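Take a look at the structure below.
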Amino acid sequence: MKAEEYRQHIDEALDKCFLLPKDLPQAGLAEAMRYSLLAGGKRIRPMLVLEFCRIAGGDIEAAMPVACAIEMLHTYSLIHDDLPCMDNDELRRGKPTNHVVFGECTATLAGDTLQAEAFGTILRSGLPVERKAACAEILAGAVGLDGMCCGQYLDMLWEGRSLTEQELTEINSRKTGALLAAACQMGVAAAGGTERMLECAGHFGAAIGMAFQIRDDMLDVLSTEEELGKPIGSDSQENKNTYMVLMGREGCEKTIAKLTAFSKTILSEAFDDTAFLCELADALSVRDK
């Protein structure tokens, strides 16, 4: 399946989520959840779930709830990231952010509910019990005290001072890399893959996650608001520590190339049919939005 086919398949599944009759009291909350969940995006994380499930010998239809779950989790993180108490952004994917449309309280609750429903979606799926439990455990680890939330906390805690490359990586390996690595491993877990497959999938996800963040830092300097669909230049305006500040453009490009090459090499140690994932890694390394 090609990337666009995956995206269409994922979007169709997501569109069936949280459809409530308008006369229910919580319908407004569901509307806010769907607003951000269906606002577009590259669908990289659910795509990784499905493709890793496929190359690990699993059924991608059975893994679709897991793919939807990680996109719910990712969407929750974006809603909260945009809140006034965090980055206070008013534009996401070319549209007003959730709190701008629905208010700060509803936006906060929409994110909270998406996080809870992500785990519920996995646990209510038709996968064997041990595979559901493995997927939920991987996701919890990627998001919790040593995962994405920790990365966001460190980003806030260390704001306003110069960071070393190691400290910046401490933040971004959690904020960005952890969820991408989890997506890869959840696909393997949904298929009932081997420990070696899980290990290599995690390394692949961590490598493209770091490359993804470095490219993000580059685009915040080199791109336009129209191309990205969100404000640019905010990193420099807020004196944020970024890889562009630490490495410069040439250093960023070289590091992305090394990470992308490593990600493709590590795949071959556990999987045979890796063409799609190698093409995806290459595409992400030069993306312009």
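The values are calculated or read from the model by the stated rules, or taken from the named source; none is laboratory data. Since we're looking at a predicted model, the values are computed, not measured. Neighbour counts run over all protein chains shown; Cβ positions are idealised from the backbone, glycine included. Only protein heavy atoms, including side chains, enter the accessible area calculation; ligands, DNA and RNA are left aside. Shrake-Rupley method; radii C 1.70, N 1.55, O 1.52, S 1.80 Å.
If I filter the range 164-178 for residues that are hydroxyl-bearing (Ser, Thr, Tyr), within 13 Å of the chain's Cα centre (by Cα) and in a helix (DSSP H, G or I), do I get at least one hit? Yes.
Table: residues versus (1) open to solvent by 40 Å² or more (accessible area, probe 1.4 Å); (2) modelled with pLDDT of 95 or more; (3) farther than 30 Å from THR265 by Cβ.
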position: GLN115; (1), (2), (3): yes, yes, yes
position: ARG124; (1), (2), (3): yes, yes, yes
position: LEU163; (1), (2), (3): no, no, no
position: GLN166; (1), (2), (3): yes, no, no
position: GLN185; (1), (2), (3): yes, yes, no
position: VAL188; (1), (2), (3): no, yes, no
position: GLY202; (1), (2), (3): no, yes, no
position: ALA207; (1), (2), (3): no, yes, no
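When GLU71, GLU51, GLU5 are checked against the criterion of being acidic (Asp, Glu) and either surrounded by fewer than 15 Cβ atoms within 10 Å (Cβ to Cβ) or touching a Ser or Thr at 6+ places or on another chain (Cβ under 9 Å) (or both), a single residue qualifies: GLU5. For the range 179-204, a residue qualifies if it is in a helix (DSSP H, G or I) and of a type in the set (S, T, N, Q), and exactly one does: GLN185.
Here THR97 fulfils each of the conditions (1) within 20 Å of PRO46 (Cβ to Cβ); (2) buried (at least 17 other Cβ atoms within 10 Å of the Cβ); (3) at pLDDT 95 or above apart from (1). For beta carbons closer than 9 Å, sequence separation of 6+ or different chains, a first residue in the range 242-270 that is over 13 Å from MET210 (Cα atoms) and a second that is open to solvent by 80 Å² or more (accessible area, probe 1.4 Å) and among the basic types (Lys, Arg), the qualifying pairs are MET247/LYS254; GLU269/ARG196; ALA270/ARG196. Could you say whether any residue in the range 251-268 is among the hydroxyl-bearing types (Ser, Thr, Tyr), under 23 Å from SER162 (Cβ atoms), modelled with pLDDT of 95 or more and surrounded by 14 or more Cβ atoms within 10 Å (Cβ to Cβ)? Checking the range 251-268: at least one residue is among the hydroxyl-bearing types (Ser, Thr, Tyr), under 23 Å from SER162 (Cβ atoms), modelled with pLDDT of 95 or more and surrounded by 14 or more Cβ atoms within 10 Å (Cβ to Cβ). Pairs linking a residue in the range 50-64 that is at positive phi to a residue that is surrounded by 22 or more Cβ atoms within 10 Å (Cβ to Cβ), with Cβ atoms under 8 Å and 6 or more positions apart or on different chains, are GLY57/ALA191; GLY57/GLY193. Taking each residue of the range 5-32 that is closer than 13 Å to MET64 by Cα and looking for partners that are at pLDDT 95 or above and not in a helix (DSSP H, G or I) with beta-carbon atoms closer than 8 Å, six or more apart or interchain, yields TYR6/ARG43; ARG7/ARG43; ILE10/ARG43; ASP11/LEU38; ASP11/ARG43; LEU14/LEU38; ASP15/LEU38.
Any residue at all in the range 20-36 that is part of a loop (DSSP other than H, G, I, E, B), closer than 17 Å to VAL143 by Cβ and open to solvent by 20 Å² or more (accessible area, probe 1.4 Å)?
Taking the range 20-36 and keeping what is part of a loop (DSSP other than H, G, I, E, B), we get 20-26.
Adding the requirement that they be closer than 17 Å to VAL143 by Cβ leaves none.
Within the range 20-36 (the criterion being part of a loop (DSSP other than H, G, I, E, B), closer than 17 Å to VAL143 by Cβ and open to solvent by 20 Å² or more (accessible area, probe 1.4 Å)), the answer is no, since none of the residues qualifies.
Answer yes or no as to whether LYS16 is at pLDDT 95 or above, open to solvent by 20 Å² or more (accessible area, probe 1.4 Å) and outside any helix (DSSP H, G or I). Yes.
Among the conditions (1) outside any helix (DSSP H, G or I); (2) closer than 22 Å to SER263 by Cβ, SER125 misses just one, which is (2). CYS105 - would you say it is out of contact with any Ser or Thr (no Cβ under 8 Å at 6 or more places or on another chain), open to solvent by 40 Å² or more (accessible area, probe 1.4 Å) and either at pLDDT below 95 or not in a helix (DSSP H, G or I) (or both)? Spelling it out, it is not the case that CYS105 is out of contact with any Ser or Thr (no Cβ under 8 Å at 6 or more places or on another chain), open to solvent by 40 Å² or more (accessible area, probe 1.4 Å) and either at pLDDT below 95 or not in a helix (DSSP H, G or I) (or both). Here GLU130 clears all of (1) assigned to a helix (DSSP H, G or I); (2) at pLDDT below 95; (3) not small (Gly, Ala, Ser) except the condition numbered (2).
The lone criterion from (1) open to solvent by 10 Å² or more (accessible area, probe 1.4 Å); (2) out of contact with any strand residue (DSSP E or B) (no Cβ under 8 Å at 6 or more places or on another chain); (3) at pLDDT 95 or above left unmet by ASP89 is number (3).
Mind counting the residues in the range 142-152 that are assigned to a helix (DSSP H, G or I), more than 21 Å from LEU37 (Cβ to Cβ) and open to solvent by 50 Å² or more (accessible area, probe 1.4 Å)? Steps first, answer last, please.
Within the range 142-152, the subset assigned to a helix (DSSP H, G or I) is 142-143, 148-152.
If we keep only those that are more than 21 Å from LEU37 (Cβ to Cβ) as well, we get 150-151.
Those left that are additionally open to solvent by 50 Å² or more (accessible area, probe 1.4 Å): none.
Count: 0.
Please go through the range 74-86 and give me each residue that is within 14 Å of MET33 (Cα to Cα) and surrounded by fewer than 16 Cβ atoms within 10 Å (Cβ to Cβ), ordered by number. Passing the criteria: none in range.
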